[in-house]
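The values are calculated or read from the model by the stated rules, or taken from the named source; none is laboratory data. Predicted model only: the values in this text are computed from it and were never measured. As a convention, Cβ positions derive from the backbone with ideal geometry for all residues, glycine included, and neighbour counts pool all protein chains shown.
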Amino acid sequence: MPEGHTIRHLADVHAAHFGGKVLQASSPQGRFATEAWTISGREMTDVTARGKHLFFHFDGDVVHIHLGLYGWFTLVPGVAPKPKDTVRLRLQNDDTTSDLIGPTKCELLTETGRHKIIERLGVDPISYDPTTDEELRERKFHKILSSKKSIAELLMDQSIIAGIGNVYRAEILFRAGQNPFTPGRELMPEILDAMWDDARRLLKLGAEDGMIRAVEPEHLLNEEQRRYKYGQFSYVYKRNGQLCRICGGVIESISLGNRTVYWCPGCQE
Ligand SMILES: [Zn+2]
């Protein structure tokens, strides 16, 4: 499931293959045909990301993509074969073809439109720069620390922190030993600071290759350690009914909002 680390990884990959180059764009599915025609034959001048939002820049025009739960890119070297008819957007040059399927959002915006989206989003753990984002971070943390809502809900609110999804939420709360249902206003500020530092480190690590690595290697089972390079492991996410890697208690889950929260009652009292 794409969270902030996936989007940053996809941004980096697209920038490496297409940045500064002239591309051909098309919409085999037809739903983005006019917009694709507008950017086709132009240079991709930049690629940026904020939270779960990806932006391809074409000198003033911006393609905004949100993958949602099911959207995905497939990149193949060279000129790809005939596209599937579900491809919303195909970008290609002589070296690489990128096909986008099933996004929640794929739209053409101006820079002003992009800024409107950025303004609605919270602070991004991956792109956070203390010289420019500190005031934003303080404002958002104040919101968390004065809220009646649970920290589990607050961490998923993209207008507060942009980029954390269900997997990182579960894992960051576990790693902090923090109960998911604690109201934001009862959270200790130093715990929030520690979770923020952990989120920044974990999401940046995940962005390197698009894989979530939240479990410290020494907490993996033997057979998992052999697969660590290739697999994703969790402390609590989707491990409900299994035994906790740390305390041996049973991992629990409950539906909150429309998403499932996973936690260890032993480690996260
Ligand atoms: Zn435990």
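Within the range 232-256, the set of residues being more than 16 Å from the ligand (Cβ to nearest atom) and touching a residue at least 12 places away in the same chain (Cβ under 8 Å) comprises GLN232, LEU256.
Could you grab the pairs with beta carbons closer than 9 Å, sequence gap of 6+ or different chains, first residue in the range 42-54 and assigned to a strand (DSSP E or B), second one at pLDDT below 95 and surrounded by 24 or more Cβ atoms within 10 Å (Cβ to Cβ)? Note: no pairs meet the criteria. One residue stands out among those in the range 93-117 that are of a type in the set (D, E, K, R) and part of a loop (DSSP other than H, G, I, E, B): the one that is surrounded by the most Cβ atoms within 10 Å (Cβ to Cβ), which is ASP95. Taking the condition out of contact with any strand residue (DSSP E or B) (no Cβ under 7 Å at 6 or more places or on another chain), surrounded by 21 or more Cβ atoms within 10 Å (Cβ to Cβ) and modelled with pLDDT of 95 or more, does ILE161 pass? So ILE161 does not fit the description; no. Residues of the range 181-199 include at least one that is in a helix (DSSP H, G or I), exposed (fewer than 13 other Cβ atoms within 10 Å of the Cβ) and either within 15 Å of the ligand (Cβ to nearest atom) or under 24 Å from the mean Cα position of the chain (by Cα) (or both).
Taken as a whole, the structure places ASP61 among residues that are under 19 Å from LEU108 (Cβ atoms) and acidic (Asp, Glu). In the range 217-230, the count of residues that are assigned to a strand (DSSP E or B) and surrounded by 14 or more Cβ atoms within 10 Å (Cβ to Cβ) is zero. Considering ASP157, ASP124, the condition of being free of Cβ contacts under 8 Å to residues at least 60 places away in the same chain, more than 16 Å from the ligand (Cβ to nearest atom) and within 16 Å of the chain's Cα centre (by Cα) is satisfied by ASP157 alone. On inspection, GLY266 passes the criterion of being surrounded by fewer than 19 Cβ atoms within 10 Å (Cβ to Cβ), within 16 Å of the ligand (Cβ to nearest atom) and of a type in the set (Gly, Ala, Ser). Looking at the range 206-214, can you tell me whether even one residue there is of a type in the set (Val, Ile, Thr) and more than 16 Å from the ligand (Cβ to nearest atom)? Yes: the range 206-214 contains one or more residues that are of a type in the set (Val, Ile, Thr) and more than 16 Å from the ligand (Cβ to nearest atom). For the range 190-198, the criterion of being acidic (Asp, Glu) and more than 17 Å from TYR128 (Cα to Cα) is met by at least one residue.
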